[in-house]
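Let me begin by presenting the structure, written as structure tokens, before commenting on it.
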């Protein structure tokens, strides 16, 4: 690859990275821990290890939110959370650390990896490893409720409009099936 192409590729990667990481989409009122992806040639890896260590130290669960900065459904869910922060924030804060994983609709599932400790798994393999019965193609937004040992706490519903009322969201936080 010549120098001009290499420079253009580097600039494109920088613009993609800054566009993706310049904002945490999960509302700030919930004090999310933004987990920036490590970006490689064919890999976008999110390391949950520090968040899980913090959850263990604080005796909390982890609300893992995988959203995409260019996802309309993600924006709607985030707007719902923002509008209802006064009602929901105390329930999140008491029991959960929110991990905000930021991606893009342009990143294929085959390039999304989740790291916990020394183990890094592709998106679908990660879902299988935690017993997530929703294994399928990558869909945004995606939420996992994990304990501090990365064990899933319940099977999560999926789809647009899922748990976008205060009672539904509270039911999820209370682990009601």
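Quick note: the coordinates plus some simple rules give every number you see, no bench work behind them. Just so we're clear, the structure is a prediction, and the values are computed from it rather than from any experiment. Every residue, glycine as well, gets a Cβ built from its backbone with ideal geometry; the counts of neighbours run over all protein chains shown.
Going by a ≥ b ≥ c, the root eigenvalues of the Cα gyration tensor, does the range 75-130 fall in the rounded group (a/c under 1.5), the prolate group (a/b larger than b/c) or the oblate group? Taking the square roots of the gyration eigenvalues as a ≥ b ≥ c, the range 75-130 is oblate.
Of 61, 94, the sequence from fewest to most neighbouring Cβ atoms within 10 angstrom is 94, 61. Taking a point 7 Å from the Cα of residue 125 along the Cα-to-Cβ direction, the residues of the range 50-73 with backbone N closer than 20 Å to it are 50. Dividing the mean sequence gap of close Cα pairs (under 8 Å, 6+ apart) by how many residues the range 16-152 holds gives a relative contact order of 35 percent.
For 91, 69, the sequence from fewest to most other C-beta atoms within 10 Å is 91, 69.
With neighbour counts taken as other beta-carbon atoms within 10 Å, the residues 89, 151 rank, fewest first, as 151, 89.
Under the rule a/c < 1.5 gives rounded, and otherwise a/b versus b/c splits prolate from oblate, where does the range 52-177 land using the Cα gyration tensor? Oblate shape, in that a/c is at least 1.5 and b/c is the bigger or equal ratio.
Extending 7 Å from Cα along the Cβ direction at residue 56 and again at residue 174 yields two label points whose distance is 3.1 nm.
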